[in-house]
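Report on one structure; see the data block that follows.
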Amino acid sequence: MNARRAGYVFGHDGHQMGTEPIEIWDAMIYSAARGMRRPVRQEDSSLARGSAMTTRRSRFTTTLLLLAVVAVVAAILEGGGRFLTRGREQNLMISPHLNWSDVQRFHPDLMWALKPNLDGVVQRVRTPEGTLDSSIETNALGLRNSPIGPKGDRLRILALGDSTTFGAGVNGDETWPAQLQKALDPEDAGLVEVINAGVSGYSAFQGLRYLELYGFDLVPDMVITCFGHNEWSDVLPTQIGDVEWTNSESASGFVLLIEDAIRGAARMIRPKPFGERHQRMTPGEFADTLVRMDDLCRLHGCTLVHLVWPYLSDLRKQPRGDQAGPRALIIGASMYNGTPTISLFDLVAEHSEALFFDEVHMTAEGCRLVADYVAARLGPPVTESLWGQTAERMVRWGEVFERRGDLSSAAGAYRQALQYDAENLPALVHLAEILNEQGDEQALVSVLAKLRELDPEGAYAEIEAHRSPPEG
């Protein structure tokens, strides 16, 4: 029998106290314990549950309020950051009192850019005598240029610069890039296309950004730059330099505020060793930008040429001291990388003050003279620049120079083509024709020997038929 059910209860002296089974005692003890507990009434249980629900609801409401406060604060910081940033960005428009905002727009990567598809918008620039109006037209890419189609086999020159390249104060067909195309391809034979990517107020860094983001998509064979006028202006309303510019549309307003706060705290904790920034670019940043342009052009297989732009004061033999440094930096960066440079100082020395309508910008006639001067000096930069060229491209350059009557540069281009491809038939034919015209019999003999080997009954026979008899 189960001990629990059949056992007996004994006293402390070991005598038997009773014969009731243990389970009866258990039942009695359990009943007594139940009797001592006060029964829980239904209304008490309901109150307890209600209190718990109220507590949970209160906590939930508090959490929602906290989240709402955090969201509102975050929205205020985000909106405030974006408002302050956008406000500063809108102030980037230079000379708004001269209706520049009709021509330019804010650009998240370039700070500002020309508006696309402008048609006959009148732009007004200030001159010592008052104001000067010009008509502005832009293509779908926001360039002061005709629509740009497929490159084909044309040579393409990309002109980068500030208002001197953009052509402030002159019409679109009067800018020096537009007139350079006329000078290089006077018969409009489709040999050359010059694209004007100049924008008023641009610094060299903005030109570099344009080249990186958009310029190389146009597949230029040559890039001509003209900078050094705006880099030394006071810092922009953003209170940062050009090289510190970031695309604010890709960052939150809160992050922008934090960056401003950190930047301000850093200035307080550890002042800059050279003082606060006052110019859009430092001399070192300017030189580094020019060197970087050259590196990128080499990487993309095109030639870079720098223009050194003169001032009216140079023509008056009263050069401005604040321009000596930028010019030295352009020349120094060119020497560092071996970049061709064309200085326009000799040009202005030969002409009157009618070239300029203010201290910096040239008239339509001045731009024409610049274009002719540059066209006449592109020969050596092209024929001596070994990077990024091909035999076909050098033959094309030779044809351009030959049409201009620059036989020396043309012959140099054809010789350069033969360095890339010793059996390039067009280069041999063109070079033989030039040597025959110049009467260079010694050089002609070696070229004809190569032509006889490659095309004895065609090109060789034709040149021999028109060959000038040797002198003596």
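The values are calculated or read from the model by the stated rules, or taken from the named source; none is laboratory data. Since this is a predicted model, take the numbers as computed values, not measurements. Cβ sites come from the backbone with ideal geometry, for glycine too, and all protein chains shown count toward neighbours.
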What helices (runs of 4 or more DSSP H), lying completely within segment 361-414, carry at least 2 residues that are of a type outside the set (Phe, Trp, Tyr) and out of contact with any Gly (no Cβ under 9 Å at 6 or more places or on another chain)? 364-376, 391-403
Within segment 81-140, how many residues are at positive phi, touching a strand residue (DSSP E or B) at 6+ places or on another chain (Cβ under 7 Å) and at pLDDT below 90? 1
Selection from segment 165-177 of residues that are surrounded by fewer than 23 Cβ atoms within 10 Å (Cβ to Cβ) and in a helix (DSSP H, G or I): Gly172, Asp173, Glu174
Please find, within segment 178-206, the residue that is surrounded by the fewest Cβ atoms within 10 Å (Cβ to Cβ) out of those that are in contact with a Lys or Arg (Cβ under 9 Å, 6 or more places away or on another chain), assigned to a helix (DSSP H, G or I) and among the hydrophobic types (A, V, I, L, M, F, W, C). Ala183
(1) in contact with a Lys or Arg (Cβ under 7 Å, 6 or more places away or on another chain); (2) more than 19 Å from Ala159 (Cβ to Cβ): which one isn't true of Ile342, the others all being true? (2)
Residue in segment 339-358 that is surrounded by the most Cβ atoms within 10 Å (Cβ to Cβ), counting only those that are modelled with pLDDT under 90 and in a loop (DSSP other than H, G, I, E, B): His351
